[in-house]
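> Pasting in a structure now, in structure tokens, and then I'll have a few things to ask.
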Amino acid sequence: MKRARVAYNGAIHDAEVSEDRVILADGRCLHEEQVVWLPPVEPQTTFALAINYADHARELAFKAPEKPLAFLKGPGTFVGHRAVTRRPADAAFMHYECELAVVIGRTGRNVSAADAYDYVAGYTVANDYAIRNYLQNYYRPNLRTKNRDGCTVLGPWIVDAADVPDPMALDIRTYVNGEQVQAGNTRDMVFGVPALIEYLSSFMTLSPGDVILTGTPDGIVDVKPGDVVETEVAGVGRLRNTVVDDATYFGAA
């Protein structure tokens, strides 16, 4: 099942998605362009992983980490499917990061890797934009790099865990203006989903609604205002977003 959160007629609705139709909890059936897509979960604690693909580490001239390099993201970073993301005027190099996002469904502490999938509610797609010249260190992304308002697109929906038989064998692709620019597979993570859940739950309690962004493979390119970026995780979804400049972003606001 695909579960979404949308805004329609001034209200926020939980919905199910079937093909290109959005079915509200009250039974109304809408086309996907009739609604405003929200992040499919209101993230509680959000964990993000730096350089969790070996090819991406090589792309950035780093060796793969020996332990997960995790950092936290604030709730204001998230926008939904079809939303816009600002490229600040001082950005020298801004790039997408297509990621499998794991949504926690049960409270867990000291969860073993063998039991980790029992704590997963489902999966969604993230596009966690970064601005290269804001980075202080790839191992420790600073607040401005990864906690800008609207810098992380999440959605379009959550796919139930039971409908994703092997989250560690999913193709990842990114398209800019229809041209494929990134390709990878979740099997190439340095630390897979079970290992990440085991690691994070070893020192803090995971709660329903927590989200783990699992990192991106190589293939990052600079994106400009006007670019339409689509990030896709096979079997989960395809997430669309448009990059805009300051004038467009603040004018729309």
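> Show the residue pairs that are 6+ apart or on different chains and have beta-carbon atoms under 8 Å apart, the first residue being within the stretch 90-115 and open to solvent by 10 Å² or more (accessible area, probe 1.4 Å), the second being assigned to a loop (DSSP other than H, G, I, E, B) and not polar (S, T, N, Q).
97/129; 97/215; 97/220; 105/208; 106/208; 107/208; 109/204
> Can you tell me which residue in the stretch 71-89 is farthest from residue 135 (Cα to Cα), limited to those that are open to solvent by 50 Å² or more (accessible area, probe 1.4 Å) and hydrophobic (A, V, I, L, M, F, W, C)? If you could, list the steps in order and put the result at the bottom.
The initial filter retains those residues of the stretch 71-89 that are open to solvent by 50 Å² or more (accessible area, probe 1.4 Å), namely 72, 75, 82, 84, 86, 89.
This time we only want the ones that are hydrophobic (A, V, I, L, M, F, W, C), so: 72, 84, 89.
On the way: 72: 15, 84: 22, 89: 16 Å.
Selected residue: 84.
> Another question, then. Would you call residue 245 open to solvent by less than 50 Å² (accessible area, probe 1.4 Å), more than 17 Å from the chain's Cα centre (by Cα) and farther than 18 Å from residue 105 by Cα?
no
> Here are 208, 194: which of them is out of contact with any Pro (no Cβ under 6 Å at 6 or more places or on another chain) and open to solvent by 40 Å² or more (accessible area, probe 1.4 Å)? So that I can check it myself, show each step before the final result.
Working: 194 fails: open to solvent by 40 Å² or more (accessible area, probe 1.4 Å).
Result of the check over 208, 194: 208.
> Please determine whether any residue of the stretch 23-33 is under 30 Å from residue 146 (Cα atoms) and either in a helix (DSSP H, G or I) or modelled with pLDDT under 95 (or both).
Yes, because at least one residue in the stretch 23-33 is under 30 Å from residue 146 (Cα atoms) and either in a helix (DSSP H, G or I) or modelled with pLDDT under 95 (or both).
> Look at residue 183 and say whether it is within 18 Å of residue 48 (Cβ to Cβ) and surrounded by fewer than 20 Cβ atoms within 10 Å (Cβ to Cβ).
No, not satisfied.
> Examine the stretch 152-160 for a residue that is open to solvent by less than 30 Å² (accessible area, probe 1.4 Å), at pLDDT below 95 and among the polar types (S, T, N, Q), and state whether such a residue exists.
No; the residues of the stretch 152-160 include none that is open to solvent by less than 30 Å² (accessible area, probe 1.4 Å), at pLDDT below 95 and among the polar types (S, T, N, Q).
> May I pose another question? Against the definition (under 21 Å from residue 236 (Cβ atoms) and touching a helix residue (DSSP H, G or I) at 6+ places or on another chain (Cβ under 7 Å)), how does residue 106 come out, yes or no?
Yes.
> Also, quick follow-up: Looking only at strands (runs of 3 or more DSSP E) that fall completely inside the stretch 186-253, which ones have 1 or more residues that are over 20 Å from residue 124 (Cα atoms)?
It comes to 237-244.
> Looking at (1) in a loop (DSSP other than H, G, I, E, B); (2) within 15 Å of the chain's Cα centre (by Cα); (3) aliphatic (A, V, I, L, M), can you tell me which one residue 172 breaks?
Going through (1) in a loop (DSSP other than H, G, I, E, B); (2) within 15 Å of the chain's Cα centre (by Cα); (3) aliphatic (A, V, I, L, M) one by one, residue 172 breaks only (1).
> Return the total of residues in the stretch 24-45 being open to solvent by 40 Å² or more (accessible area, probe 1.4 Å) and either of a type in the set (Phe, Trp, Tyr) or within 28 Å of residue 213 (Cβ to Cβ) (or both).
7
> Select, from 54, 15, 48, the only residue that is closer than 30 Å to residue 145 by Cβ and buried (at least 19 other Cβ atoms within 10 Å of the Cβ).
Result: 48 is the single residue among 54, 15, 48 that is closer than 30 Å to residue 145 by Cβ and buried (at least 19 other Cβ atoms within 10 Å of the Cβ).
The values are calculated or read from the model by the stated rules, or taken from the named source; none is laboratory data. These numbers come from a predicted model, not from an experiment. Quick reminder, even Gly has a Cβ in these numbers, built from the backbone with ideal geometry, and neighbours come from all protein chains shown. Side chains included, ligands, DNA and RNA excluded: accessible areas come from the protein's heavy atoms. Shrake-Rupley method; radii C 1.70, N 1.55, O 1.52, S 1.80 Å.
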